[in-house]
Amino acid sequence: MGNQDENDETPEYRLRKELPEEVPAAEPADDAAAEPAEPASTGRQRLVQGLWPPRVTRAQLIVAVLLFGLGFGLAVQVASNSDSGNALRGARQEDLVRILDELGDRSQRLEDEKQGLEKQRQELENSSDQAEEARKQTVEKERQLGILAGTVAAQGPGITMTIEDTKGTVEADMLLDAIQELRAAGAEAIQVNGVRVVAGTFLTESGKGVSVDGNKINTPFRFKVIGNPQDLEPALNIPGGVVQTLEKEQATVTVERSGKIVVDALRAAKRPDYARSSDR
Amino acid sequence: MIAVLGLVVGVVAGLLVQPEVPAAVVPYLPIAVVAALDAVFGGLRAMLDGIFDDKVFVVSFLSNVVVAALIVFLGDELGVGSQLSTGVVVVLGIRIFSNAAAIRRHVFRA
């Protein structure tokens, strides 16, 4: 410590005075002895003199320039060191390399995790697509079965057959024959005077008229049939067929093709009481 | 007085301008600042001792800065940059303390 003090002062002594003055051995003794021995006010006085009456001397200007540089560098360094988020600025190279490695590992792990999650999401989306598809198919099937069971309205090309029975000679079995004939010709949905004809439909004689599923219907019997008109109409008109048989009973039968038949008579969905699906 | 003003103006200018430190200077600036501080304390002590010389001050200031930067540069080249910077800072810190002690003796007579 003492040596460094000397080092700092030695050149000053040397440059200030001529060589002979420099006596290293005497110097620290002189320094140490002089300070307490001298009236301490001299040092203070010099400081005060240098400070207060501001004199523009060469020494003051040069020192001012150097101190400006020091202050500037100090402030810049402090500012750049306390920059936010620059905790790494002062870090050593090995630390930086280690941090970089760790970050690389971490991002690798996160990347893997992300891939796994994306795969999972893909699978879930696929399965939900499949569920959606199955649901659509179920809805479609419900609609088809609804047409067969008469729980939904149906529309499409077909024919209208009107049987005018003024004499009351038409019987249930003749209408049943007509329905059978229509079904054989590919009728898909049938309604008679507002009663939907389904698998369980039965026709009975009731007094002078006919009942369909217990609903009494009166002449004229109006059949609305959805199916291929080119199949349905000839099926009714074949010689010895439905139309001829009815006309033999002196009923009037008119068959009209139509591009759009609406079968809108509905039937409540009914849960069977006894029959159960047996494929379980 | 003017010297003190120079220091104050320098600090204010540095804080206001906030220049981006060039990457090449970044490792040397802190050491250079510490070395310059050492020179300033040495100069202050010399002034109190009545032996202040502006030429000596300029030379010691500049040579301190240059040598400190040189040592850091050399340390970086040798791969012992951080250790050598620590050493330089320790040595300069010791000098600053001893100079400060001398200044204290002058100013407070204690």
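Within the range A:189-207, not a single residue is small (Gly, Ala, Ser), without any contact (Cβ under 8 Å) to a residue 60 or more places away in the chain and surrounded by 15 or more Cβ atoms within 10 Å (Cβ to Cβ). One residue alone among A:Thr138, A:Thr160 is in contact with an Asp or Glu (Cβ under 9 Å, 6 or more places away or on another chain), among the β-branched types (Val, Ile, Thr) and surrounded by fewer than 17 Cβ atoms within 10 Å (Cβ to Cβ), and that residue is A:Thr160.
A quick yes/no check of all residues on (1) part of a strand (DSSP E or B); (2) outside the structural domain of A:Ile179 (by TED's automatic domain parsing); (3) under 15 Å from A:Lys167 (Cβ atoms):
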{"position": "A:Ala235", "(1), (2), (3)": "no, no, no"}
{"position": "A:Leu246", "(1), (2), (3)": "no, no, yes"}
{"position": "A:Gln250", "(1), (2), (3)": "no, no, yes"}
{"position": "A:Val253", "(1), (2), (3)": "yes, no, yes"}
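Could you please let me know if B:Phe52 is crowded, with 20+ Cβ neighbours inside 10 Å and in a loop (DSSP other than H, G, I, E, B)? Spelling it out, B:Phe52 is indeed crowded, with 20+ Cβ neighbours inside 10 Å and in a loop (DSSP other than H, G, I, E, B). So A:Asn126 passes all but one of these: (1) of a type outside the set (D, E, K, R); (2) surrounded by 13 or more Cβ atoms within 10 Å (Cβ to Cβ); (3) within 53 Å of the chain's Cα centre (by Cα). Which condition number does it fail? Of everything listed in (1) of a type outside the set (D, E, K, R); (2) surrounded by 13 or more Cβ atoms within 10 Å (Cβ to Cβ); (3) within 53 Å of the chain's Cα centre (by Cα), A:Asn126 misses just condition (2).
Could you tell me which numbered condition A:Gly240 fails, if it satisfies all but one of (1) at negative phi; (2) modelled with pLDDT of 85 or more; (3) not polar (S, T, N, Q)? Condition (1) is where A:Gly240 drops out. If the condition is being among the basic types (Lys, Arg) and either within 12 Å of A:Leu175 (Cα to Cα) or touching a residue at least 40 places away in the same chain (Cβ under 8 Å) (or both), then the range A:208-255 contributes A:Lys208, A:Arg222, A:Lys224. Filtering B:Phe108, B:Phe61, B:Phe73 for residues that are surrounded by 13 or more Cβ atoms within 10 Å (Cβ to Cβ), of a type in the set (A, V, I, L, M, F, W, C) and facing chain A (nearest Cβ under 9 Å) leaves a single hit, B:Phe61. Restricting attention to the range A:45-63, the residues that are over 19 Å from B:Asp38 (Cα atoms), assigned to a helix (DSSP H, G or I) and either in contact with a Cys (Cβ under 6 Å, 6 or more places away or on another chain) or within 7 Å of chain B (Cβ to nearest Cβ) (or both) add up to 5. Scanning the range B:76-105 for residues that are under 14 Å from B:Arg45 (Cβ atoms), surrounded by 14 or more Cβ atoms within 10 Å (Cβ to Cβ) and either of a type in the set (Lys, Arg) or in contact (Cβ under 8 Å) with a residue 12 or more places away in the chain (or both) turns up B:Arg95, B:Ile96, B:Asn99, B:Ala102, B:Ile103, B:Arg105. The single condition from (1) facing another protein chain (nearest Cβ under 9 Å); (2) within 15 Å of the chain's Cα centre (by Cα) that B:Ala35 fails is (1). Within the range A:210-237, if we keep just the residues that are among the β-branched types (Val, Ile, Thr) and over 14 Å from A:Thr254 (Cα atoms), the residue that is surrounded by the fewest Cβ atoms within 10 Å (Cβ to Cβ) turns out to be A:Ile217.
The values are calculated or read from the model by the stated rules, or taken from the named source; none is laboratory data. Remember, it's a predicted structure, so these values are computed and weren't measured experimentally. We place every Cβ from the backbone using ideal geometry, glycine too, and count neighbours over all the protein chains shown.
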